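Notes follow once the structure below has been shown.
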Amino acid sequence: QVQLVESGGGSVQAGDSLRLSCAASGRTFSSYTIGWFRQAPRKERELVAGISWVGSSIYYADSVKGRFTISRDNAKNTVTLQMNILNAEDTAVYYCAASRSRTVSTTWLYDYWGQGTQVTVSS
């Protein structure tokens, strides 16, 4: 089992950057695929980015390609989501999630979730 804690959210202006971090507990962190999801008001939760166990497989939603970068440091049990050129449509609660599957983009395979961190982008 793995426990996840997100940090780094906040309120920014359009065009700014933010870096979200997901800190995980557990000695088996490196065996989990990690994904960043977001949920905006009145919208379904969506997978924004995901990274496989050793980072060999990475997924990005079309809406964030070229602006967001996901990375992981298994030695530090952390996954980072660097978000650049933010816009109002990026406003949401961002969640870190873990999956035992090697398939990065299959959303229903993510079993463990953090509590979320709010990102608000003003235009």
Item to check | Positive-end residue, the chain charge dipole about Cα centroid, Cβ charges, pick of Q13, Y95, N77 | outcome: N77
Checklist entry - Which cross-chain or sequence-distant (5 or more) residues have an amide H under 5 Å from the amide H of N87, H modelled 1.01 Å from N in plane? => result G15
Next on the checklist: Give me the dipole magnitude in Debye, nearest 20, for the chain about the Cα centre, with unit charges on the beta carbon: positive for Lys and Arg, negative for Asp and Glu.
Outcome noted: 260
Item to check | Per-residue HN-Hα couplings for region 55-63 [Karplus 6.51, -1.76, 1.60; θ = phi - 60°; Hz; x = Gly/Pro] | outcome: x, 7, 10, 10, 10, 9, 5, 4, 5
Item to check | Extension gain from Q39 to Q1, taking 0.36 nm per residue of separation minus the Cα-Cα distance | outcome: 11.3 nm
Checklist entry - To the nearest Å, what is the center-to-center distance of region 4-33 and region 42-67, using C-alpha atoms only? => result 13
Checklist entry - In what order, largest first, do R72, R102, R42, R19 sit by accessible area if the probe radius is 1.4 Å? => result R42, R102, R19, R72
Checklist outcome for this item: In this structure, the FRET efficiency calculated for A23 and N84 from their beta-carbon separation, with R0 = 22 Å, to the nearest 0.05, is 0.50
Next on the checklist: Sort 80-87, 52-59, 32-39 by packing, meaning the average of other beta carbons within 10 Å per residue, with the highest value first.
Outcome noted: 32-39, 80-87, 52-59
Item to check | region 1-120: relative contact order as a whole-number percent, Cα under 8 Å and 6+ apart | outcome: 35
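The values are calculated or read from the model by the stated rules, or taken from the named source; none is laboratory data. Computed from a predicted structure; not experimentally measured. Note that each Cβ is placed from the backbone with ideal geometry, even for glycine, and that neighbours are counted across all protein chains shown. These area figures cover heavy atoms from the full protein model, side chains too; ligands, DNA and RNA do not enter into them. Shrake-Rupley method; radii C 1.70, N 1.55, O 1.52, S 1.80 Å.
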